[in-house]
1. Return the residues of region 25-49 that are in contact with a helix residue (DSSP H, G or I) (Cβ under 6 Å, 6 or more places away or on another chain), touching a residue at least 40 places away in the same chain (Cβ under 8 Å) and closer than 20 Å to residue 72 by Cβ; say none if nothing qualifies.
2. Among the residues of region 98-109, which ones are surrounded by fewer than 20 Cβ atoms within 10 Å (Cβ to Cβ) and over 16 Å from residue 178 (Cβ atoms)?
3. Please verify whether region 115-132 includes one or more residues that are buried (at least 21 other Cβ atoms within 10 Å of the Cβ), at pLDDT 95 or above and closer than 23 Å to residue 197 by Cα.
4. If the requirement is being in contact with a strand residue (DSSP E or B) (Cβ under 8 Å, 6 or more places away or on another chain) and surrounded by fewer than 17 Cβ atoms within 10 Å (Cβ to Cβ), which of these qualifies: 153, 164, 176?
5. I'd like the residue in region 179-202 that is in a loop (DSSP other than H, G, I, E, B) and within 15 Å of the chain's Cα centre (by Cα) and, out of all such residues, is surrounded by the fewest Cβ atoms within 10 Å (Cβ to Cβ).
6. Please give the strands (runs of 3 or more DSSP E) falling wholly within region 1-90 in which 1 or more residues are more than 13 Å from the chain's Cα centre (by Cα) and closer than 20 Å to residue 172 by Cα.
7. Give just the number: which of (1) touching a residue at least 40 places away in the same chain (Cβ under 8 Å); (2) surrounded by fewer than 19 Cβ atoms within 10 Å (Cβ to Cβ); (3) on the phi < 0 side of the Ramachandran plot does residue 63 not satisfy?
8. Suppose the filter is out of contact with any strand residue (DSSP E or B) (no Cβ under 7 Å at 6 or more places or on another chain) and part of a loop (DSSP other than H, G, I, E, B); does residue 216 pass it?
């Protein structure tokens with residue numbers, strides 16, 4: 001079982017003046033603790049449920065490039081980029097640059113997008129849902145083509161690229177893993193089966209039983225197109241508050257380990273957590289000393305034969 005960390009909140013007690021210093025420290029602590037991956041939301045405004053829109057929000061790929069310079073091993077990704085934010089050719093170029101400069105540590109996290117307020121606020125077009133999914137599929141096709149080194153023109157309904165050149169190519173082969181966020185059974189999970197290397201579900205919106213059902217649907221989509229279900233890395237994200245003694249209704253290390261065992265039992269390869277107490281060294285100390293050593297021994301159901 002792999003454990004990742006998502007940073008969702010950049011509004012910290014030590015104020016904006018030391019935001020860069022604090023974020024660097026979080027990335028370094030995560031790596032030293034043995035966490036597998038570090039994720040940031042790719043949003044421009046803070047999202048409902050985390051804080052008001054006016055709270056600090058770093059641009060995703062700039063933040064990951066900064067984190068890459070502060071670390072050496074930890075994987076880096078957006079959870080996830082809305083397809084509406086950037087032209088697909090430029091987005092693939094950006095993700096490739098992160099992969100190259102980090103020495104092959106990038107994930108390519110992408111989804112259909114949903115946060116209309118930030119689009120309207122910054123003047124970014126926000127098409128209807130059906131069109132966003134059309135654009136998502138075209139972007140996934142472009143990503144596969146560019147990471148194959150195929151420069152022939154791409155002609156889609158929404159995007160036309162005369163020469164999708166991508167030089168230098170990514171360090172990871174055949175490409176940085178493509179993680180598609182979302183749990184829609186008809187469209188999103190079909191796109192995961194056809195184009196994705198990883199999927200992500202949020203336990204903010206789903207129960208564990210519902211997540212298990214989504215995995216069954218993904219398996220069916222894979223079977224329908226003849227793709228091994230084990231090709232796809234399954235990830236889940238959940239916000240937890242972690243302390244040594246479980247104070248203030250937080251989780252203890254034992255609670256976290258029990259949760260990771262539950263995830264592994266349904267076939268989750270990587271558990272990604274968000275911590276309200278990011279700026280506190282305590283959770284990172286607990287990951288390093290108690291949680292990661294135990295989690296690394298947890299067997300994931302159905303992983304045999306996975307990539």
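The values are calculated or read from the model by the stated rules, or taken from the named source; none is laboratory data. What you see is a predicted model, and the numbers here were worked out from it, not measured in a lab. Positions of Cβ are backbone-derived with ideal geometry, glycine not excepted, and every protein chain shown enters the neighbour counts.
1. Of everything in region 25-49, those that are in contact with a helix residue (DSSP H, G or I) (Cβ under 6 Å, 6 or more places away or on another chain), touching a residue at least 40 places away in the same chain (Cβ under 8 Å) and closer than 20 Å to residue 72 by Cβ turn out to be 27, 28, 29, 33, 34.
2. Those that are surrounded by fewer than 20 Cβ atoms within 10 Å (Cβ to Cβ) and over 16 Å from residue 178 (Cβ atoms): 100, 101, 103.
3. No, every residue in region 115-132 fails to be buried (at least 21 other Cβ atoms within 10 Å of the Cβ), at pLDDT 95 or above and closer than 23 Å to residue 197 by Cα.
4. Answer to the selection: 153.
5. 197
6. Because the criterion is at least 1 residues that are more than 13 Å from the chain's Cα centre (by Cα) and closer than 20 Å to residue 172 by Cα, the strands (runs of 3 or more DSSP E) in region 1-90 that meet it are 2-7.
7. If we test residue 63 against (1) touching a residue at least 40 places away in the same chain (Cβ under 8 Å); (2) surrounded by fewer than 19 Cβ atoms within 10 Å (Cβ to Cβ); (3) on the phi < 0 side of the Ramachandran plot, just (2) comes out false.
8. No: the conditions fail for residue 216.
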